[in-house]
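Some notes on the structure that comes next.
Just so it is clear, none of the values below were taken in a lab; they were calculated from the coordinates. These numbers were taken from a predicted model, which means no experiment stands behind them. Cβ sites come from the backbone with ideal geometry, for glycine too, and all protein chains shown count toward neighbours.
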Protein chains: 2
Amino acid sequence: MTPISTLGEFGLIERIKNKFKTTHNQVIKGIGDDAAVVPIGNGLVQVYTTDLLAEGVHFDLSYAPLRHLGYKAVAVNLSDIFAMNAVPFGITVSIAFSNRFTVEAIDELYEGIKLACERYHVDLLGGDTTSSRQGLVISVTAFGQAKEEEIVYRSGAQPNDLICVSGDAGAAYAGLLVLEREKNSFVNNPELQPDLSDYDYVVARQLKPEPRGDIIQELREMGVRPSAMIDVSDGIASELHHICHQSKVGALIYANKLNLDYQTLKVAEEFQIGATTFALNGGEDYELMFTLPLKDYDKVKSSGNFHIIGKITPDEKQIQILLDTGGIADVEAQGWDHFRGENG
Amino acid sequence: MTPISTLGEFGLIERIKNKFKTTHNQVIKGIGDDAAVVPIGNGLVQVYTTDLLAEGVHFDLSYAPLRHLGYKAVAVNLSDIFAMNAVPFGITVSIAFSNRFTVEAIDELYEGIKLACERYHVDLLGGDTTSSRQGLVISVTAFGQAKEEEIVYRSGAQPNDLICVSGDAGAAYAGLLVLEREKNSFVNNPELQPDLSDYDYVVARQLKPEPRGDIIQELREMGVRPSAMIDVSDGIASELHHICHQSKVGALIYANKLNLDYQTLKVAEEFQIGATTFALNGGEDYELMFTLPLKDYDKVKSSGNFHIIGKITPDEKQIQILLDTGGIADVEAQGWDHFRGENG
């Protein structure tokens, strides 16, 4: 009997993927990217993705309001649709919850789901509601559409391509650390009132992430199409490994170009974690990482919404970072592995 | 604070449906049928459905083999696609499981998923695997396609239509009762070896249901299109209420025409439950119930795969059964309500 921890999440996904190699229908892309791609005629495709959030693993209701949780459950799925350079139009939502949840609690959860649907113009197409023996589980599946030639995979990066990341890095993880610290303070001294005002930005990034549909739009307006793209759910390091592995290339990124918010830096300082580690390995930012042909540099260099953090290199085995000290280090793909109990 | 039990599952779904009335995209049918329907151009539509199975609520691993469970999780979703008169082509599968599950156990689950995919020619398009604090949760979303004019809703039944049901009724519930009895015998006397050979059919119906894609095919070959259709997941009574409510009609069914297998009747006898109750309220058969215009009677009367059990009547308030004793009774929509802790 082999414990799952010997495989890890990525090993398990690889194992499942190998089991389902042959397809019965016309499928352009199955398991192994942010979303699956199926042709629907007229040069159009639909894309499909799914993510499940489990209480005690992905969220803690002692500080995550149900409304934000509903919003986040939708947001993380839409992020995968955008990462294919597609436009989401619908979701299904299944929830399982124990009898400690009231009608008012479930209403709050669906208010958050509704807010996300309205903000991103997607429709709730169906779902399932059931009881569970313990805790809350939310399973969302999202559907998007695009022209086939618009779809961007993880596998298209070429040597000399620019590596870009939207927004700032590590903020959601900073928010998580602050929330966990406040929770522990409260457990030790229940009369303490939490004051999160100095951390409002990073806490919001953790509790209510916004998927970057605006970036997809901006790139289209710039007349630019990424050669590869992925959403940053497990940290820049882990996503960079996915792109390099699937594109059979290497990468060099510049520590100096990693964009961290002031509040994130403050939290990194308080927790005595280096800013670079924070930016590379902090998960749940739901930003987009993408590569662009060097020829697009002039078109994109002045965007305030994403930053060039490095370049693609030819050697698949070298995924490196040029440190501020001048040295070069390997970028390790730590990521979030719930099966190993690691964080960040 | 209002407990969910005051609403029940159907009340909760109605509440969610009302919250999401306005749509942002072109949606032919959202929440409220077996699957949602979205146009994809050229007169074609895609249909979407999702179902979540939770350990301790929908299955008991002390008698449900993981391979069968994987198969069933796919089957119950495909059943919803067939109930729209559509052809399934893909699924996504998310699972959350505690650390008591080994690699071998997860392999078994995916073997069952694969068997169902092969049997019904659908592709696993993606998924999510994560840990849970306790137990196993399986969330499947299924996708199908059809011509828009082929789609059959719950709402199309007309007075004088024939009411048909495929296969036999109540067998899955009979299987559940037998399995629960054996489990209790084992708890009381662990040296007892279960002998299920007299109940093999009903046990198989419970553990490994087959969605009725063959019926969809047969109706097409007969040149017949149902006016309304639903899959029988909660029992004939409950599904009949859905069709009548959404079609604004009533129904009269004949107890004598309810088709029960010999093994089901034997279990009903052993548990001292009337055969009619068993057929009307036993859930999880995953057969199809559909209505057909009276003019199709000659085309369908000799099918061995489905039976005419009654007719649609004009009065929405009358959903009745003509009993073998000659009396008429109201058909109550009991169904399976996990929130109320009722079974069948």
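Need one value for B:9-19: mean number of C-beta atoms belonging to other chains within 10 Å of its residues' C-beta atoms. Could you put the intermediate results ahead of the total?
Details: counts 4, 1, 1, 7, 4, 0, 5, 11, 3, 0, 7.
For peptide B:9-19, the averaged partner shielding equals 4.
Using only atoms on other chains, find how many Cβ atoms lie within 10 Å of each Cβ of peptide B:93-101 and report the average.
Details: counts 5, 10, 4, 11, 3, 3, 5, 2, 3.
Counting other chains' Cβ atoms within 10 Å and averaging over B:93-101 gives 5.
Using R₀ = 60 Å, calculate the FRET efficiency as 1/(1 + (r/R₀)^6) where r is the Cβ-Cβ separation of residue B:301 and residue A:100; round to 0.05.
Numbers: r = 53 Å, r/R0 = 0.88.
About 0.70, to the nearest 0.05.
Express in whole angstrom the spacing between the alpha-carbon centres of the stretch A:98-146 and the stretch A:1-56.
Their Cα centres are 22 Å away from one another.
Please report the antiparallel percentage of DSSP beta bridges with both residues in the stretch A:162-330, rounded to the nearest 5. Display every interim value, and only then the final one.
Values: 21 of 25 bridges.
Percentage antiparallel, nearest 5: 85.
Compute, for the protein assembly as shown, the length of the dipole vector about the Cα centre, with Cβ point charges of +1 (Lys, Arg) and -1 (Asp, Glu) only. Units Debye, rounded to 20.
Working: 58 positive and 96 negative charges, 226 e Å.
Dipole of the protein assembly as shown, to the nearest 20 debye: 1080 debye.
Name the residues whose placed amide hydrogens come within less than 5 Å of the amide hydrogen of residue A:152, ignoring near sequence neighbours (fewer than 5 apart) on the same chain.
The list, which skips near neighbours in sequence, is A:85.
Where in the stretch A:1-89 are there trypsin sites (Lys or Arg not before Pro) that are in a DSSP coil and have at most 13 other Cβ atoms within 10 angstrom of their Cβ? Could the numbers behind the result be given before it?
Details: sites: A:15, A:17, A:19, A:21, A:29, A:67, A:72; in loops: A:21.
Listed in order of number, the matching sites are A:21.
With point charges of +1 on the Cβ of Lys and Arg and -1 on the Cβ of Asp and Glu, referenced to the Cα centre of the stretch B:154-330, which listed residue (B:236, B:279, B:175) lies farthest in the positive direction of the dipole?
B:236
Classify the stretch B:196-333 as rounded, prolate or oblate from the Cα gyration tensor: take a ≥ b ≥ c as the square roots of its eigenvalues, call it rounded if a/c is under 1.5, otherwise prolate when a/b beats b/c and oblate if not. Mind showing how you got there, number by number?
Numbers: a/c = 1.78, a/b = 1.19, b/c = 1.50.
Oblate.
Length gain on complete extension for the stretch residue A:269 to residue A:119, per 0.36 nm per residue less the alpha carbon to alpha carbon distance?
On the way: separation 150, 0.36 × 150 = 54.00 nm, distance 3.43 nm.
My answer for the length gained is 50.6 nm.
How many percent of DSSP beta bridges within the stretch A:27-150 run antiparallel, rounded to 5? Provide the component values of the computation, followed by the final result.
Numbers: 27 of 36 bridges.
Around 75 percent antiparallel, to the nearest 5.
How far is it, in nm, from the label point at residue B:325 to the one at residue B:15 when both lie 7 Å from their Cα along the line to the Cβ?
Here the modelled spin labels are 3.9 nm apart.
Taking the Cα centre of chain A as origin and charging only Cβ (+1 Lys, Arg; -1 Asp, Glu), how large is the dipole, in debye to the nearest 20?
Values: 29 positive and 48 negative charges, 207 e Å.
It comes to approximately 1000 debye.
Per residue of B:135-147, count partner chain C-beta atoms within 10 Å of its C-beta, then hand back the mean as an integer. Intermediate results must be reported in sequence, preceding the final value.
Values: counts 6, 0, 9, 2, 13, 5, 14, 2, 7, 0, 3, 0, 0.
Counting Cβ atoms of other protein chains within 10 Å of each residue's Cβ and averaging gives 5.
Separation between the residue B:24 and residue A:158 pseudo-spin-labels, each 7 Å from Cα along Cα→Cβ, expressed in nm?
3.5 nm
Between A:120, A:110, A:49, whose Cα lies farthest towards the positive end of the dipole of the stretch A:27-150 when Lys and Arg beta carbons carry +1 and Asp and Glu beta carbons carry -1, centred on the Cα centre?
Working it through, the farthest residue towards the positive pole turns out to be A:110.
Take chain A, drop everything but the C-alpha atoms, weight them equally and run the Debye formula without solvent; then report log10 I(q)/I(0) at 0.06, 0.07, 0.13 Å⁻¹ to two decimals.
Result of the Debye calculation: -0.21, -0.29, -1.06.
Please give the peptides A:322-331, B:240-249 ranked by average Cβ packing (other Cβ atoms within 10 Å per residue), highest first, as a rough proxy for protection.
Working: A:322-331: 12.2, B:240-249: 21.1.
Sorting A:322-331, B:240-249 by mean packing, highest first, produces B:240-249, A:322-331.
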